[in-house]
1. Quickly run through region 28-38 and pick out the residues that are away from ligand 1 (no atom under 16 Å from the Cβ) and on the phi < 0 side of the Ramachandran plot.
2. Going through region 62-78 one residue at a time, which ones are within 15 Å of ligand 1 (Cβ to nearest atom), over 20 Å from the mean Cα position of the chain (by Cα) and not in a loop (DSSP other than H, G, I, E, B)?
3. All but one of (1) loosely packed, with under 15 Cβ neighbours inside 10 Å; (2) at pLDDT below 95 hold for residue 338; state the number of the condition that does not hold.
4. Those residues that are touching a helix residue (DSSP H, G or I) at 6+ places or on another chain (Cβ under 9 Å) and either at pLDDT below 95 or more than 9 Å from ligand 1 (Cβ to nearest atom) (or both), I need them from region 39-50; list them, please.
5. Taking residue 253 as meeting all but one of (1) surrounded by fewer than 19 Cβ atoms within 10 Å (Cβ to Cβ); (2) within 16 Å of ligand 1 (Cβ to nearest atom), write down the number of the exception.
6. In the set 317, 303, 313, 298, which member is away from ligand 2 (no atom under 16 Å from the Cβ) and within 24 Å of residue 151 (Cβ to Cβ)?
7. So which of 277, 255 is within 14 Å of residue 203 (Cα to Cα) and more than 15 Å from ligand 2 (Cβ to nearest atom)?
8. Within region 200-220, track down each residue that is closer than 20 Å to residue 259 by Cβ, within 16 Å of ligand 2 (Cβ to nearest atom), out of contact with any strand residue (DSSP E or B) (no Cβ under 8 Å at 6 or more places or on another chain) and in a helix (DSSP H, G or I).
Ligand code: UD1
Ligand code: UDP
């Protein structure tokens, strides 16, 4: 009987990661089922990625929507269990560190279905981040740990994981970026937002930045000090939008807040930016490959390779404006190192590891 591989996706960062894996497994003739949990559901947070990246329409959308961590995770688990029961996949593939990832892993493991975790081993060592909890649980339970960087391999080793389960495959998010590079148009982004160069692109959505009013007030002041120097375009994630706007984010003429952008429009905006200010995981990686200076507004990163091999620096609300000033003065780097195996072929390696495990 042919093998069935079931992929669970659900939130925005999952989509650019699953695209090359689905494609590589399809090329190898594997029967696949794509499940969307519905964790993200706005067109701009979900469907636009499927259209732009040619990801097949999900076979099943669980439509769970938003909720507290417990409610959302439980809703995903409750909806997945009968589906796994009915379809009996030979392998479940999960991506990244969102609630959909950990929920699917828990259900699959308890039913005896092997799990492959794409982007295993990342650690911020910050248990106040919901993603860190999701990463630890998912990695502890997964059978195949597919890693994007050498530090991730080391973390898993330090946690006592059997090396036979760890596969250093590279970064599928970067497969998607390299495949679509010709479609990222900085000029279109500039015209659309009516900004001149140099401009700054920013994204903000981490609970540690946008959930508490006191933090948000300071954050808005910091963004205004950046906008004193250059226009700032912010495709704003729905989380925290209300809090940021009521704290006066829009009260500076240099701040351009727009809806979340489609992948191609967003990457065009990033490509043309003099610098990016962000708390996103994926954006730290994308700027590393594009060579765009990235100022990450966080006390830590689970992606240190973007600092050692990329253009990323950690900043605080208090250091941000000075770091932007320095970055604008220095301009873009001419050359920079690229992390090992961020070469556009991670999807193929992942497919080969999954097929090897199914055959074994
Ligand atoms: C989730 C992930 C986070 C990831 C982020 C990427 C978890 C625990 N967090 O955070 O790791 O970095 O996605 O974007 O899984 N909302 C909408 N429309 C949508 C989706 C969400 O308006 O399509 C709003 C809702 O008010 C919702 C809030 O955004 O309550 C937060 O959504 P949720 O999926 O719970 O977490 P994110 O902050 O998006
Ligand atoms: N992204 C996008 N439009 C936007 C913001 C982000 O297409 O307006 C893409 C971008 O490729 C990014 C990915 O969505 O890497 C995931 O971003 P997000 O910050 O939501 O999640 P994280 O990586 O922090 O979990």
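1. Those that are away from ligand 1 (no atom under 16 Å from the Cβ) and on the phi < 0 side of the Ramachandran plot: 28, 30, 31, 32, 33, 34.
2. Within region 62-78, 70, 71, 74, 75, 77 meet the criteria.
3. Residue 338 satisfies every listed condition except (1).
4. 48, 49, 50
5. (2)
6. Unique residue meeting the criteria: 313.
7. Of 277, 255, the one residue that is within 14 Å of residue 203 (Cα to Cα) and more than 15 Å from ligand 2 (Cβ to nearest atom) is 255.
8. 210
The values are calculated or read from the model by the stated rules, or taken from the named source; none is laboratory data. If you're wondering where the values come from, they're calculated on a predicted model, not measured in any experiment. Heads up, the Cβs are rebuilt from the backbone with ideal geometry, glycines too, and the neighbour counts pull from every protein chain shown.
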